[in-house]
1. What is the fewest-to-most order of 286, 276, 188 by other Cβ atoms lying within 10 Å of their Cβ?
2. Would you kindly state how much longer the chain becomes between residue 53 and residue 290 on full extension, computed as 0.36 nm times their sequence separation minus their alpha carbon distance, in nm to one decimal?
3. Using a Gaussian network model of the chain with C-alpha springs under 10 Å, which one of 135, 16, 272 is most mobile by mean-square fluctuation?
4. Rounded to the nearest 0.05, what FRET efficiency is calculated for residue 102 and residue 175 with R0 set to 25 Å and r the Cβ-Cβ distance?
5. Only bridges whose two residues both fall in the stretch 195-298 count here: according to DSSP, what percent of them are antiparallel, nearest 5?
6. How large is the convex hull of the C-alpha atoms of the stretch 212-272 per residue, in Å³?
7. Only counting other Cβ atoms within 10 Å, I'd like 3, 318, 46 sorted with the fewest neighbours first.
8. Return the single residue from 226, 299, 109 with maximal mean-square fluctuation; model: Gaussian network over the chain, springs between Cα atoms under 10 Å.
Amino acid sequence: MKFEKALTLNELLEIIQGNITVKGNTHNLITGINEIHSVEPGNLSFVDHPKYYEKVLGSTASVILINNDAAVPEGKTLLVTDDPLRDYIKVVRHFVKFKSQNEAINANAVIGENTIIQPNTFIGENVIIGKNCIIHSNVSIYSNSIIGDNVIIHSGSVIGADAYYFQKRNPEWVKLESCGRTIISDDVEIGCNVTIDKGVSGDTFIGKGTKFDNIVQVGHDTYIGAHCLIGSLSAIAGCTYVDDECTLWAKSSVNKDLYVAKRTTLLALSAIDKSVTEEGTVLFGVPAYDARKKWKEMACSKKLPELFDEFYQLKNDFDNLKSEIKSSK
């Protein structure tokens, strides 16, 4: 999320109101907040686990909330605190506050020429919808979402709901507040009861010409490229990058933090838990791998009972032969 106006370090500390030790550059301006997967120069980010210290300290973030008295990378500012997540959430809540809305369509929503909004649709604050769109009844478009031209969204779909993102703090789960956006490009069609979550701090993005069947879930901060097909009952977890012209058939699942190469096809009832790096790959199974190899294995597995019977018969014949040879001596 980008701020309308850059913050000084003192202004940031005033928002956090905590016991923080400042190390490094005290003149950095904070232009926005982001998690590690989407940071830019000028951003505030946070890290609270040793597994990610090196990654965050080596990122382009200018100011880092951290619970470790680490060496300061050149030019950066470290804010040493006992709970970086807590302080990060304070900053998010300062800039993003829930506002109740009595009207179906917010007064400041921008709706393009020839766009049709059917009854019982909700459109939140700062939403932008392009021209020649059709938004069917009972669609909810949360605040700050951006919809391109010639987009069709069918009944019951939800665009821009909060990210499903929680951190375990025994015995509770702490919610990482969402302050990102959902961006839908031109010529996208979204079926019934599709949910596309906003980014936690960055954007969830759907590329031009991509088509969704009914009942699909797209997680936070996920990028789906142009001209993809996403089948019914599919689920794509957060922070995943699906490149252009991919096809995910019905009941496909893609785990978080993965890359899926261009023109990948994931056949129905398949799931991947590792990145796909070769373009044009066809995958099948759980976990999914090369479809031809999987089909060959399945064909072979059908023959196992017959092969076992043959093996058992051969074993009996061999045992009988051994007995005959032994008795003839």
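1. Ordered from fewest to most neighbouring Cβ atoms within 10 Å, 286, 276, 188 come out as 286, 276, 188.
2. The span from residue 53 to residue 290 would gain 81.7 nm if fully extended.
3. Result for the chain, Cα springs under 10 Å: 16 fluctuates most.
4. It comes to 0.45.
5. Roughly 10 percent of the beta bridges in the stretch 195-298 run antiparallel, per DSSP.
6. Convex hull of Cα atoms, per residue: 56 Å³.
7. 318, 3, 46
8. Top of the fluctuation ranking is 299.
Only the coordinates and a few stated rules stand behind these numbers; no lab work does. No experiment lies behind these values; they were computed from the predicted model shown. Neighbour counts are summed over all protein chains in view; Cβ atoms, including those assigned to glycine, are modelled from backbone coordinates with ideal geometry.
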